[in-house]
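Read the structure below first, then the notes.
The values are calculated or read from the model by the stated rules, or taken from the named source; none is laboratory data. Model, not experiment: these values are computed from the prediction. Every residue, glycine as well, gets a Cβ built from its backbone with ideal geometry; the counts of neighbours run over all protein chains shown. Keep in mind that these areas ignore ligands, DNA and RNA; they rest on the heavy atoms of the full protein, side chains included. Shrake-Rupley method; radii C 1.70, N 1.55, O 1.52, S 1.80 Å.
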Amino acid sequence: MNMTHYMSLLADNQPWNLILFMAIPVIFAETITVTEFFILFTKNLKGSLRTFNKVCSILAGLYFTGVFLYLFPTAFIPLSVNGEWHTWVDVVAVGFYLSGVLFLLPLALLDLGLIARKRTEAEKMKLHFILISGFLVVAHIAMIFGMINPEIVGGMDGMMH
């Protein structure tokens, strides 16, 4: 079976790539989400759980920004320039994976107090929830498309020209 570059990345250098590029970001995102639910349901915006949530959000945002800064020039750009994509499914999988930085970096910046400074705590929590939800959506889209065998979908005809 032919694999997307997303799945190839995760399959190579086992188990390290799987841990570095999948497990760490997803475990952070799931931890943030679960703690977020507890914070929202208890309405305790100042407790130790909120502190833990903020620390995880900052670490996740900074970590995934590092992943993006590593993969964009070493994978996305060369694949695009050299026309090495394995159909449009490959582009979707890698593109959505890398787009996670659009959600996790602002999440870190929010909890570092660098953005949305003038918003109320409730508005910040809403933005926090939207950002972590956005990351989970794009990460799952990447996973789904990443698992598709590119041979079963249409080719790249016209896409690179």
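How much area per residue is accessible in region 27-107 when the probe is 1.4 Å and only protein heavy atoms are counted (Å²)? Before the final figure, lay out the partial values.
Values: 4100 Å² over 81 residues.
Normalised by residue count, the accessible surface of region 27-107 is 51 Å².
Can you compute the charge dipole magnitude of region 52-122 about its Cα centre, using +1 on each Lys and Arg Cβ and -1 on each Asp and Glu Cβ, nothing else charged? Give it in debye, rounded to the nearest 20. Write down the numbers at each step before the final one.
Details: 4 positive and 4 negative charges, 83 e Å.
Once rounded to the nearest 20, the dipole reads 400 debye.
Could you work out the local net charge near residue 28, counting Lys and Arg as +1, Asp and Glu as -1, over the other residues with Cβ closer than 15 Å to its Cβ? If you can, show how the numbers build up before the last one.
Details: positive: 54; negative: 30, 36, 111.
My count for the surroundings of residue 28 gives -2.
Quickly work out the residue 18-to-residue 112 label distance, labels modelled 7 Å from Cα along the C-beta direction, and quote it in nm with one decimal.
Inter-label distance under the simple model: 3.2 nm.
By average Cβ neighbour count within 10 Å, what is the ranking of 31-44, 89-102 from highest down? The partial results should precede the final answer.
On the way: 31-44: 15.0, 89-102: 21.5.
With the highest mean Cβ count within 10 Å placed first, the list reads 89-102, 31-44.
Dipole of the chain (Lys/Arg Cβ +1, Asp/Glu Cβ -1, origin at the Cα centre): which of 39, 8, 143 lies farthest to the positive side?
Result: 39, furthest along the dipole toward the positive end.
Could you please state how large a percent of the accessible area of the chain is carbon and sulfur, counting protein chains only and using a 1.4 Å probe? Could you put the intermediate results ahead of the total?
Values: 6250 of 8800 Å².
The nonpolar share, carbon plus sulfur, comes to 71 percent.
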